Amino acid sequence: MQAQDVKNVFCMKGGQGESSYLKNSKAQVLDEVADTRSPAYNKGKVFVQGSSEEIGAAFRRQFQSDMARFLRCRAAELKPGGAMFLVFVGCPSSAGPTDQGRSFNLLGTMFEESWRDLVDEGLIDGGSMDSFNIPSYAATLEEFREAVDADGSFAVNRLEHVMGSRLAVADDPHDRCVVGRRVANNQRSIFGPLVEAHISRALADKLFVRMERRTRELADELGDEMGVHFHIVCSLSLV
């Protein structure tokens, strides 16, 4: 593997510098979804799930741009004939850009309602929620293949959907408190740095406490839906 410029190494912790997870994740959200003058303004929401067609199209364009850059970088690293195995969160082929699947709908709803709790309690204003968006998009198999074909550097050896498993809980999977804590901690491990940078660590603590409470209320439903969650699994070879 060739030596990489440190600016292209995106670490998963912290929020400082050009290479931080925070900085580069924030850069993945198009400005138009946080622009009050844009038809793609994602007012009152923080996910693409359930948003308007304009917002879905904006997230889809960002996915295409991100995948193009990802594949271009991997092509520069691999030797001819080299292969890579990838797993992505996906959604059914019949789904549109704003239909990210039932489990995403549940998670997104709980997350957004937790943000609204902070607004309703006067801890943040509505603009703080409106200007925050999660840089996440679950693509279809067709969208993924389109991105690979457009790049032209890789041959698809295998590409398929794999169903997820039930929510992994080491203790009693029917213990609502355990499930609530597990889901809230999982979401914070992924999105926590982004939330903290936007509203402060103290308010992020309050947000995820509220999400844990909401998860407890929907623990059984969420556990069942995680079992029908799609993942894209693929094997690519550099041509």
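Some observations on this one:
- Of all the residues in the range 21-58, those that are of a type outside the set (Phe, Trp, Tyr) and modelled with pLDDT under 60 number 6.
- Put simply, of ALA76, ALA57, ALA83 the only residue that is under 24 Å from GLY152 (Cα atoms) and in contact with a strand residue (DSSP E or B) (Cβ under 7 Å, 6 or more places away or on another chain) is ALA83.
- Taken over the range 58-75, the residue count meeting the criterion of being buried (at least 16 other Cβ atoms within 10 Å of the Cβ) and over 15 Å from the mean Cα position of the chain (by Cα) is 3.
- Those residues of the range 192-234 which are touching a Leu at 6+ places or on another chain (Cβ under 8 Å), among the hydrophobic types (A, V, I, L, M, F, W, C), crowded, with 18+ Cβ neighbours inside 10 Å and at pLDDT 85 or above, in sequence order: LEU194, VAL195, ILE199, LEU207, ILE232, CYS234
- Every residue from the range 109-140 that is farther than 16 Å from GLU196 by Cα and surrounded by 19 or more Cβ atoms within 10 Å (Cβ to Cβ): MET110, SER136, TYR137, ALA138, ALA139, THR140
- Some residue of the range 94-104 being on the phi > 0 side of the Ramachandran plot and either in contact with a Phe, Trp or Tyr (Cβ under 9 Å, 6 or more places away or on another chain) or surrounded by 17 or more Cβ atoms within 10 Å (Cβ to Cβ) (or both): yes
The values are calculated or read from the model by the stated rules, or taken from the named source; none is laboratory data. The shown structure was predicted, so the numbers you read here are calculated from the model rather than taken from an experiment. Because the Cβ atoms are built from the backbone with ideal geometry, glycine has one as well, and the counts that use them run over all protein chains shown.
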